[in-house]
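FYI, it's all coordinate maths here, none of it is from the lab. These figures come from a predicted structure and were not determined experimentally. As a convention, Cβ positions derive from the backbone with ideal geometry for all residues, glycine included, and neighbour counts pool all protein chains shown.
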Amino acid sequence: MTATTPEQPSPSTRLARGLTLRCPQCGGHGIIVSWFKMRPNCPSCGLLLDRGSRDFFIGAYLINLIVSEVLFAIILGTIVWATWPATSWDALQYIAVAAIVVAPLTTYPFTKTTWLAFDLIFAPPADKDWARR
Ligand SMILES: [Zn+2]
């Protein structure tokens, strides 16, 4: 670490910022353009949000899948537990299909910013990770 290297946020700070749709590096807002689109770089600190790789967010899709499946299992398990033994399997079938569609869409931007936070924890930003000003 050199004297010019800025202090890095702690892992818990990066994750908290990622989970709240803020830049994991600086905590700045505005990195999300729309529910399905991020800016190419943070408007506050200039961090390249895809870290210079086109396939950077494949890890975010994995997190999205895991979170969606866990939410799906919790919701279905809770419904079956709460209504047992008179569980309406027909209604549960429709709820399951709706949950499979809604959960990944709902968690999509959060999983992208959380993935970015995870990546920055294990590979802090280098010179190549900053937009040219
Ligand atoms: Zn930033």
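In terms of other Cβ atoms within 10 Å, PHE118, PHE36 run from fewest to most in the order PHE36, PHE118. With a cut-off of 13 Å between beta carbons, the residues surrounding SER53 carry a summed charge of -1, where Lys and Arg count +1 and Asp and Glu -1.
Estimated purely from DSSP H runs of n ≥ 4, each contributing -39500 (n - 2.57), the mean residue ellipticity at 222 nm for the chain is -18000 deg cm²/dmol once divided by its residues. Binning the alpha carbon pair distances of region 12-67 at 10 angstrom intervals from zero yields the distribution 23, 56, 20, 0, expressed in whole percent.
The Cα-based radius of gyration and maximum Cα-Cα distance (Dmax) for the chain are 18.7, 67 Å.
Annotation: Cα Rg of region 82-132 relative to the compact-globule expectation 2.2 N^0.38 Å equals 2.03. Per the Debye calculation on region 36-108 with a single equal scatterer at every Cα and no solvent contribution, log₁₀ I(q)/I(0) for q = 0.12, 0.23, 0.25 Å⁻¹ amounts to -0.49, -1.01, -1.10.
Against the main long axis of the alpha-carbon atoms of the chain, helix 89-122 sits at an angle near 10°.
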